[in-house]
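Take a look at the structure set out below.
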Amino acid sequence: MPRLALYAVAVCVLAVVAAVISFVQGSWLGIVWVLLAGLSSNMAWYYLRRQRAQTAS
């Protein structure tokens, strides 16, 4: 797994945890964390697909 994909997955997991904590505390700031989790998830998929395409060719 590429290093950037691992970093993106780590950011995604941390953002989900932060979103849960924010919503439990009653803060609407959790919406920002959910958006960040979605962005980092897409980045992780991108880096994984890019590596698969490079190894296939």
Out of Val20, Val34, I need the residue that is open to solvent by 40 Å² or more (accessible area, probe 1.4 Å) and touching a residue at least 12 places away in the same chain (Cβ under 8 Å). Which one? Val34
Is it the case that Ser22 is over 14 Å from the mean Cα position of the chain (by Cα), of a type in the set (Ser, Thr, Tyr) and modelled with pLDDT of 95 or more? yes
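Kindly provide the set of residues from region 7-17 that are open to solvent by less than 90 Å² (accessible area, probe 1.4 Å) and among the aliphatic types (A, V, I, L, M), ordered by number. Spell out how you get there, then give the answer.
The initial filter retains those residues of region 7-17 that are open to solvent by less than 90 Å² (accessible area, probe 1.4 Å), namely 8-13, 15-17.
Result: Ala8, Val9, Ala10, Val11, Val13, Ala15, Val16, Val17.
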If you take the residues in region 37-57 that are aromatic (Phe, Trp, Tyr) and open to solvent by 70 Å² or more (accessible area, probe 1.4 Å), which one is farthest from Ala15 (Cα to Cα)? Tyr46
Do we find that Ser27 is open to solvent by less than 90 Å² (accessible area, probe 1.4 Å) and hydroxyl-bearing (Ser, Thr, Tyr) in this structure? yes
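The values are calculated or read from the model by the stated rules, or taken from the named source; none is laboratory data. From a predicted model like this one, the values you see are computed outputs, not experimental measurements. Here Cβ is always computed from backbone atoms with ideal geometry, including for glycine, and neighbour counts include all displayed protein chains. What goes into the accessible areas is simple: the full protein's heavy atoms, side chains included, and nothing from ligands, DNA or RNA. Shrake-Rupley method; radii C 1.70, N 1.55, O 1.52, S 1.80 Å.
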